[in-house]
Amino acid sequence: MIGFVARFALAAGLLAAPLPASAQGTRDDTPGQFDFYVLSLSWSPSYCAQAHDSGYSGGAQCGARPYSFVVHGLWPQYERGFPENCMQPSPRLYHGIVNAMLDLMPAPRLIYNEWDKHGTCSGLSAQAYFDTVRKARAAIKIPADYVDLQQPLNVAPGAVQDAFVKANDGLNPGAIAVECDRRRLTEIRICLTKDLKFRDCPGVTRRACTLDQVTMPPVRGG
C-alpha cells in the first residue's frame, strides 16, 4: 500500500495519486473526457501524526489551527484508471484562487498540484474547477462524531463508512471508500457524478482499507 505521506504530503511538495498506476486503463487524457469524480477528504490529524513520525513538520496544516477532514482533491476518473496532467504547461493558477481555497485545502502547494495534475483534466477553467471543489465539499456532511474529535478513537473502517452513509442522504456503501495506512485512518473517498451526485465506483471501493480497526488521532488541541 502506498504510504499516507507519499500520497498526501503535497504540502511538502510530494506527488500524490488517487489510484495506483497499475489501475490505469486505456486513456487519452483529454480535458473533460472522464466518467466521474472522486472527492478525497483526508483526516488531517493522521497526516500530521505520520509527518511527525517521519521527522517532518507537516507544513501549514499542522500548525496552531486545528483541522479535521480537509480536501485532498477532486479527481476526474475513468471507470478504470484516471487522467492526469492533461494540459502541459498548465494554465496559470492565480494567487487569488489559491488564497480563497486555503480554508478547505490548507497548503498552497497542494492546491497548485491538484490543479496541475487533476484540475486540468476536468475541462473547466481554474476558477470553475475550484468552485466545483467547493460545491463537492459542501455536498458532504461530516458525521457529528468526527467534526471535533477530542480524544484518539479506535474504530472499524466499516463503522466510519456507515456513519457517512447515515449522515448523507443518497450515499450508499458502493460510493465511499475508507482509506488507511498501517494503523491510522487517512482518507475518505466519495464518488460523484459530473453534476456531483453520489454514484457507485467499484474500482475505488475495492481498494478500501482492509484492517479490522484503525486509529483516528484527535484534532490539534484535543
_Just to be sure before I move on: is residue 135 surrounded by fewer than 17 Cβ atoms within 10 Å (Cβ to Cβ), at pLDDT 95 or above and either within 15 Å of the chain's Cα centre (by Cα) or part of a loop (DSSP other than H, G, I, E, B) (or both) in the structure I sent?_
yes
*Test: residue in the stretch 186-200 that is among the polar types (S, T, N, Q), closer than 26 Å to residue 83 by Cβ and either touching a residue at least 24 places away in the same chain (Cβ under 8 Å) or in contact with a Ser or Thr (Cβ under 9 Å, 6 or more places away or on another chain) (or both)*: yes
*What pairs come up if the first residue lies in the stretch 140-151 and is part of a loop (DSSP other than H, G, I, E, B), the second is among the polar types (S, T, N, Q), and their beta carbons are under 9 Å apart, counting only those six or more places apart or on different chains?*
140/168; 141/168; 142/68; 143/168; 147/68; 148/68; 149/68
_In the stretch 2-44, residue modelled with the highest pLDDT [restricted to those that are among the charged types (D, E, K, R) and over 14 Å from the mean Cα position of the chain (by Cα)]_ = 35
*State which residue is modelled with the highest pLDDT when the search covers only the stretch 50-66 and only residues that are in a loop (DSSP other than H, G, I, E, B) and surrounded by fewer than 19 Cβ atoms within 10 Å (Cβ to Cβ).*
66
*Collect the residues in the stretch 32-54 that are farther than 30 Å from residue 86 by Cβ and either of a type in the set (Val, Ile, Thr) or in contact with a Cys (Cβ under 7 Å, 6 or more places away or on another chain) (or both), keeping them in residue-number order.*
48
*Given the structure, is residue 84 of a type in the set (Asp, Glu), under 13 Å from the mean Cα position of the chain (by Cα) and at pLDDT 95 or above?*
no
*Please state which one of 35, 53 is acidic (Asp, Glu) and under 21 Å from residue 185 (Cβ atoms).*
53
_Exclusive hit being buried (at least 23 other Cβ atoms within 10 Å of the Cβ), out of contact with any strand residue (DSSP E or B) (no Cβ under 6 Å at 6 or more places or on another chain) and modelled with pLDDT of 85 or more, set 78, 47_ = 47
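The values are calculated or read from the model by the stated rules, or taken from the named source; none is laboratory data. Small disclaimer: the values here were computed from a predicted structure and weren't measured. Cβ: placed from backbone, ideal geometry, glycine included. Neighbour counts: every protein chain shown.
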